[in-house]
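Heads up: the structure comes next, in structure tokens.
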Amino acid sequence: GFFSPLAGDAQRNAGAAAPVKFSLNGFKGMDIFAAGYPASRQVVCATGAPLSALATATAAGGSTLTYDPTTDQYGWVWKTSPAWRNTCREFVVGLDDGTVHPIRFSFN
């Protein structure tokens with residue numbers, strides 16, 4: 001699952017880097033993302049219905065995927081856009097095992 005600061009329906013500042021932390025119940029290697037992932041799209045805030053197609057997310061500041069064995073958490077820092085202010089987005093982690101893991105949150 002996802003961990004703070006993106007756990008649940010979190011609010012983020014549009015344009016700020018968004019650290020994404022998640023666990024896969026153990027180390028699964030560093031080549032875990034499926035092609036085109038992580039990704040995001042705009043959604044309706046109240047329902048989560050998609051308003052746009054999924055687009056590959058960009059890492060902030062050239063960051064890369066990390067893994068912390070003491071917390072059993074992967075980390076990746078997402079570069080968000082100031083244009084996303086007052087919108088909601090779904091961030092989706094797609095893994096090479098075919099599973100997808102979405103999380104929805106709003107931008108202020």
_Estimated D of the chain in µm² per second, where Rh is the Kirkwood radius over Cα pairs and Stokes-Einstein applies at 25 °C, 0.890 mPa s_ = 175
*For region 18-108, state which trypsin sites (Lys or Arg not before Pro) are in a DSSP loop and have at most 16 other beta carbons lying within 10 Å of their beta carbon.*
Lys28, Arg85
*May I have the extent of the alpha carbons of region 46-108 along their three principal axes, as whole Å values ordered from largest to smallest?*
36, 28, 20
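Could you state the accessible area per residue of the chain in Å², with a 1.4 Å probe and every protein chain left in place?
Result: 53 Å² per residue.
The values are calculated or read from the model by the stated rules, or taken from the named source; none is laboratory data. It should be emphasised that the depicted structure is a prediction, and the values quoted were computed from it without experimental measurement. So basically every Cβ, Gly included, is an ideal-geometry build from the backbone, and we count neighbours across all protein chains shown. When the accessible area is computed, the model is the full protein with side chains, heavy atoms only, and any ligands, DNA or RNA have been set aside. Shrake-Rupley method; radii C 1.70, N 1.55, O 1.52, S 1.80 Å.
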